[in-house]
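Everything below concerns the one structure shown next.
The values are calculated or read from the model by the stated rules, or taken from the named source; none is laboratory data. Just so you know, these numbers come straight off a predicted model, no measurement behind them. Cβ: placed from backbone, ideal geometry, glycine included. Neighbour counts: every protein chain shown. In case anyone asks, the SASA skips ligands and DNA or RNA and just uses the protein heavy atoms, side chains included. Shrake-Rupley method; radii C 1.70, N 1.55, O 1.52, S 1.80 Å.
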Amino acid sequence: MTEAAVAIAPDSGRIAARFAALKAEGRGGLVTYVTAGDPNYETGLEILLGLPDAGADIVEIGMPFTDPMADGPAIQAAGLRALHNGQTMKKTLAMATEFRAKHPETPLVLMGYYNPIYSYGVDRFLQDAIAAGIDGLIVVDLPPEEDVELCIPALQAGVNFIRLATPTTDDKRLPKVLQNTSGFVYYVSILGITGTKEIQADPVRGAVARIRRHTDLPIVVGFGIRSPEQAREISRAADAAVIGSAIIEKVKANLDDQGAPLPGCTQAVLDYVAALAQGVRR
Amino acid sequence: MQQLNSYRTGPDESGRFGLYGGRFVAETLMPLILQVQQAYEDAKADPSFQAEIDYYAKHYVGRPSPLYFAKRMTEHLGGAKIYFKRDELNHTGSHKINNVMGQILLARRMGKTRIIAETGAGQHGVATATACALFDMPCKVYMGSVDVARQSPNVFRMKLLGAEVEAVESGSKTLKDALNEAMRDWVANVEDTFYIIGTVAGPHPYPAMVRDFQSVIGNETKEQMMEAEGRLPDTLVACIGGGSNAMGLFHPFLDDKSVKIIGVEAAGKGIETGEHAASLTGGRPGVLHGNRMYLIQDEDGQVVEPYSISAGLDYPGIGPEHSWLKDTGRVTYASATDMDAVEAFQFCCKMEGIIPALEPSHALAHVMRIAPDLPKDHIIVMNLCGRGDKDVTTIANLLGVKL
C-alpha cells in the first residue's frame with residue numbers, strides 16, 4: 001500500500017530543540033530506554049523521573065508487550081515483569097504524564113509493538129498520548145507498508161513517527177522508509193534482536209553517512225551499546241546513542257529472587273545512566 | 001452476509017484479506033519478506049517449479065492421499081455419508097509435509113542454505129527436519145519447552161533426522177513463543193536463512209503461499225469425490241489451529257456455493273472456562289506474528305496463552321483468511337472440547353481401525369455431532385490431517401493407563 005507523504009511533518013518541537021542544543025554543545029546525545037512499569041509501577045516511575053537529571057537527553061518508554069519479537073531476553077523479561085505487576089497502557093500513559101509535568105523540556109518517545117495500541121484504539125491512543133506530552137512513537141512492527149495503520153494518523157495528529165532503519169534497508173528502500181519519518185531516524189546497528197551483540201563503530205559510521213545522503217533528520221543509533229566508551233563513540237558517529245538492554249539489566253541486577261526491587265535499585269540504575277552520560281559528554 | 005463473486009481472489013497486493021493479513025514485521029525483515037514474495041511470484045509462473053513439487057508429492061510424500069468412505073462409522077451414526085481425506089497417510093504422518101516441500105523448494109530456488117521452523121505438536125518440525133535431511137540443509141526447529149516435554153517422541157524424531165531442536169524458554173514456552181524465537185533467529189540471519197512457517201499465518205505472502213501448497217488436499221478431494229459420487233460433497237469439516245489443513249481442504253471449494261464449510265476450533269476445557277484455543281469464538285482482531293487475525297488477548301491487547309489438549313491447536317491466533325471467511329460468513333466455525341476430541345479419537349480407533357491425531361479428532365467430534373441428523377444422501381468430507389501415534393501417551397495418561 002503506497003501512501004503519499006504527509007504534506008506537513010509535525011513540528012518536532014522538543015525533539016528538534018534538543019538536537020539543536022546538542023549541536024551547540026558539540027556533542028552527541030544519550031537516549032535511554034526503560035520499560036514502563038519495570039520492575040513495578042513505583043520503582044519504574046522513580047527511575048523514569050530520574051533519567052533527565054542523570055543525563056539522559058531523550059527518554060524512550062517501552063510499552064510492555066507479551067510477544068516482543070524484535071527484542072532480546074533482557075527486554076522480554078522486563079516486559080513480562082511489568083505486566084506481571086499489573087502494568088497497562090493507561091498506567092504507561094499516566095507515567096508519561098508525570099514525567100512531562102516534571103520535565104517540560106526532555107523529549108519523550110513511546111516505543112513498542114502495535115497490538116496494545118490497536119487494542120486501545122488508534123484515535124484514543126493518539127489523543128491520550130498527546131495529552132500525556134508524548135513527542136514521538138516508535139512502533140517496531142509497523143514498516144512503511146503499514147503506514148495507514150498508525151503512522152499517517154499520528155503525523156496528522158502532530159505526533160512524530162520515528163522509523164527504524166536497519167543494515168538490510170538498502171539505498172533503494174531507504175527513501176520509502178524515510179518518507180513518512182519525522183523527529184529522528186533510529187538506526188538499528190546490527191542484524192538481530194536487542195541487547196545480544198556488540199556494536200562495531202566502523203560499520204555504523206558508514207551506515208550513518210549513507211542515511212545522511214537521504215535525510216536531514218537527526219540519526220540515533222542503538223542495539224548493542226553497553227559501556228560509556230561505546231556510548232561516546234557511537235553518539236559521535238551519529239547524533240545520539242540509544243541504550244536500552246544494558247539499563248534493563250541494571251534494573252534486573254537489583255531485584256531480589258521474587259523480582260522485587262532491592263534497596264538502592266533506582267540509584268544503581270541512575271548511577272549507571274550517569275556514567276553513560278559522562279561518556280557522551282567527555 | 002456479504003455477497004462476493006469469488007472468495008478465491010485474495011489476498012490483495014498488500015497481503016490483505018479484508019481487514020486481516022498484512023505485513024506487520026520489523027524493518028530488518030521487510031526487505032526479505034518482499035524477496036520471498038517476489039521469489040514466490042516467479043516460482044508460480046515457472047511450470048518447472050510446480051513440476052518439481054508434483055514429483056516429490058508423488059514419489060516422496062505419497063500423494064494423492066486416499067479419499068476413504070468410512071462405512072462403519074456412517075452406519076453407526078445413521079445419517080450422512082462420511083468420507084475421510086486421508087492426509088495422515090502422508091510421509092511423516094500429517095498434512096504438514098505438503099507445505100514444507102513447497103517452501104523448501106522455494107528456499108533452494110532463492111539460494112538459501114539454512115532452514116528454521118517453529119513447531120507446536122512437532123508435526124511441522126518433523127516434516128521440516130525430514131525435508132532438510134532430504135535436501136541436505138542444516139535445520140533448526142524452535143519448540144516451546146512445555147511442548148518439548150509433552151511431545152518428546154517428536155523431539156527425538158527431529159534429532160534423528162539431523163535437526164537441531166531449540167527448547168524455547170521465553171514467554172509462555174509454547175507455540176507462540178517458538179514463533180517469536182524463530183522470527184528472532186531470522187532477524188539475525190537474514191542473509192542465508194529461510195523460515196518455513198508451518199501454518200497459514202505470518203506476514204504476507206506466507207498465508208497465501210501456505211494455503212496454495214496445502215490446496216492439493218482440496219483439489220484432490222474434488223477430483224476423487226467426482227469419481228466416487230459423481231458430485232460435490234455437501235459439507236466439509238476440518239480442525240483449526242492456525243488453520244493450514246482446513247484452508248487446504250476449503251480453498252478449492254470456496255466458490256462452490258452448494259458446499260457447506262465448517263472449521264472446528266479447540267474449545268479446551270470449554271470456552272466459558274477461558275481455557276481454550278478458539279481464537280474465532282473467544283478472540284477479537286489483533287496483530288501478532290506479522291499479521292492481523294482473530295487473536296486471544298486480554299482487554300489491554302496482551303496475548304493470552306491458549307489451552308488445548310492438542311499441542312497442534314494450541315495457538316492464540318488463526319490465519320487471516322479464516323478470520324476473513326468468518327466475517328464474510330462463507331465458512332462456519334464451531335468448536336469441540338478436549339473431552340469431545342478424546343471421545344472421537346477412541347471412536348475412530350475402534351470403528352475404523354484408524355488412530356487419528358488429537359487435532360482432527362476435534363473435527364471428527366463435530367462430524368459425530370451433525371451426521372446423525374443429516375439425510376443419508378448428504379455427503380461429508382472430513383480432513384483426517386494427521387495420525388495419532390504421537391498422542392498415544394497423552395491418551396494413556398488421560399485414561400489412567402501406565403505404558
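When chains A and B come together, the accessible area they lose, probed at 1.4 Å and totalled over both chains, is close to 3000 Å².
If we sort A:73-81, A:205-213 on the protection proxy, mean other Cβ atoms within 10 Å, highest first, what's the order?
Values: A:73-81: 23.6, A:205-213: 15.3.
The packing order, highest mean first, is A:73-81, A:205-213.
Calculated mean residue ellipticity, 222 nm, chain A: -14000 deg cm²/dmol, from DSSP H runs (n ≥ 4) at -39500 (n - 2.57) each, averaged per residue and rounded to 500.
Carbon-plus-sulfur accessible fraction, segment A:192-282 (probe radius 1.4 Å, protein heavy atoms only): 48%.
Between B:Ser244, B:Ser14, B:Ser172, the Gaussian network model of chain B with springs among Cα atoms under 10 angstrom shows the greatest mean-square fluctuation at B:Ser14. The alpha-carbon positions of segment B:175-278 define a convex hull whose volume is 124 Å³ per residue. Measure up A:Lys197/B:Lys269; A:Lys250/B:Lys176; A:Lys252/B:Lys176 against 31 Å on the Cα-Cα distance and list the ones that go over. Long pairs (Cα-Cα over 31 Å): A:Lys197/B:Lys269. Per-residue mean of foreign Cβ neighbours for A:210-220 is 0 (Cβ atoms of other chains, 10 Å radius).
The mean number of partner chain beta-carbon atoms within 10 angstrom of a residue's beta-carbon across peptide B:28-36 is 5.
From the Kirkwood radius over Cα pairs of chain B, Stokes-Einstein at 20 °C and 1.002 mPa s returns a whole-number translational diffusion coefficient of 103 µm²/s.
Partnerless cysteines in chain B, where a partner means another cysteine C-beta under 4.7 angstrom, comprise B:Cys239, B:Cys348, B:Cys349, B:Cys385. Suppose we keep just the DSSP beta bridges with both residues in the protein assembly as shown; what percent of those would be antiparallel, to 5? Of all bridge pairs located within the protein assembly as shown, approximately 20 percent are antiparallel. Taking the Cα centre of segment A:13-277 as origin and assigning +1 to Lys and Arg Cβ atoms and -1 to Asp and Glu Cβ atoms, the resulting dipole is close to 580 debye. The residues B:Ser6, B:Ser323, sorted by heavy-atom accessible surface at 1.4 Å with ligands and nucleic acids left out, run B:Ser6, B:Ser323 from largest to smallest. DSSP beta bridges in segment A:13-277, what fraction antiparallel, as a percent rounded to 5? Taking every DSSP beta bridge with both residues in segment A:13-277, the antiparallel ones total about 5 percent. Around the Cα centre of chain B, unit charges on the Cβ atoms of Lys, Arg, Asp and Glu (plus for the first two, minus for the last two) sum to a dipole of about 740 debye. On segment B:293-358, 52 percent of the accessible area sits on carbon and sulfur atoms, based on a 1.4 Å probe. The heavy atoms of B:His59 present about 120 square angstrom of accessible area, all protein chains included, probe 1.4 Å. Packing, as the average of other Cβ atoms within 10 Å across residues, places the peptides B:215-228, A:135-148 in the order A:135-148, B:215-228, highest first. Of the DSSP H helices in chain B, those that are both long (alpha-carbon extent of 15 Å or more along the helix axis) and hydrophobic (Kyte-Doolittle mean at least 0.5) are B:123-134.
Report, for chain B, the % of DSSP beta bridges that are antiparallel, rounded to 5. Can you show the working numbers first?
Values: 16 of 50 bridges.
Taking every DSSP beta bridge with both residues in chain B, the antiparallel ones total about 30 percent.
Using a Gaussian network model of chain B with C-alpha springs under 10 Å, which one of B:Tyr307, B:Tyr55, B:Tyr294 is most mobile by mean-square fluctuation? Residue with maximal mean-square fluctuation among B:Tyr307, B:Tyr55, B:Tyr294: B:Tyr55. Based only on Cα atoms, what mean projected area does the convex hull of segment A:45-197 have, in nm²? Convex hull of Cα atoms, orientation-averaged projection: 9.0 nm².
On a per residue basis, segment A:224-268 carries 43 Å² of accessible surface, using protein heavy atoms and a 1.4 Å probe. Inter-chain neighbour count for A:143-150: the average number of beta-carbon atoms from partner chains within 10 Å of each residue's beta-carbon is 5. Once segment A:125-241 is represented by equal point scatterers at the alpha-carbon sites, with solvent omitted, what log10 I(q)/I(0) does the Debye formula produce at q = 0.14, 0.17, 0.19, 0.21 Å⁻¹? Values returned for q = 0.14, 0.17, 0.19, 0.21 Å⁻¹ are -0.59, -0.85, -1.01, -1.16.
Please state the charge dipole magnitude for the protein assembly as shown, taken about the Cα centre, from unit charges on C-beta atoms (+1 on K and R, -1 on D and E), reported in debye and rounded to the nearest 20.
Numbers: 65 positive and 82 negative charges, 150 e Å.
So the dipole magnitude of the protein assembly as shown works out to roughly 720 debye.
Convex hull volume of the C-alpha atoms in segment B:251-403, normalised per residue: 137 Å³.
For the cross-link pairs B:Lys58/B:Lys96; B:Lys81/B:Lys260; B:Lys222/B:Lys257; B:Lys96/B:Lys140; B:Lys96/B:Lys390; B:Lys81/B:Lys222, which exceed 20 Å when the distance is taken from alpha carbon to alpha carbon? Walk me through the numbers on the way to the answer.
Details: B:Lys58/B:Lys96 15 Å; B:Lys81/B:Lys260 14 Å; B:Lys222/B:Lys257 14 Å; B:Lys96/B:Lys140 17 Å; B:Lys96/B:Lys390 14 Å; B:Lys81/B:Lys222 16 Å.
None, as every Cα separation is 20 Å or less.
Result for chain B in a Gaussian network model with C-alpha springs under 10 Å: among B:Ile33, B:Ile116, B:Ile380, the largest mean-square fluctuation is at B:Ile33. List the pair-distance distribution P(r) of segment A:13-277, using every Cα-Cα distance, as the percent of pairs falling in each 10 Å bin from 0 up to the bin containing the longest distance, rounded to whole percents. Spelled out bin by bin, segment A:13-277 gives 7, 33, 40, 18, 2, 0 percent. Along segment B:285-294 the Karplus relation, 6.51 cos²θ - 1.76 cosθ + 1.60 evaluated at θ = phi - 60°, assigns HN-Hα couplings of x, x, 10, 8, 6, x, 8, 8, 7, 5 Hz to successive residues, with x for each Gly and Pro. For segment B:76-187, the spread of Cα positions along the three principal axes, ordered from largest to smallest, is 53, 35, 24 Å. Projected over all directions and averaged, the alpha-carbon convex hull of the protein assembly as shown occupies 29.8 nm².
Candidate cross-link partners of A:Lys90 among the lysines, defined by an alpha-carbon separation under 22 Å and a same-chain spacing of 8 or more, comprise A:Lys102. When all protein chains stay in place and ligands, DNA and RNA are ignored, the 1.4 Å accessible-area order of B:Phe213, B:Phe156, B:Phe69, largest first, is B:Phe156, B:Phe69, B:Phe213.
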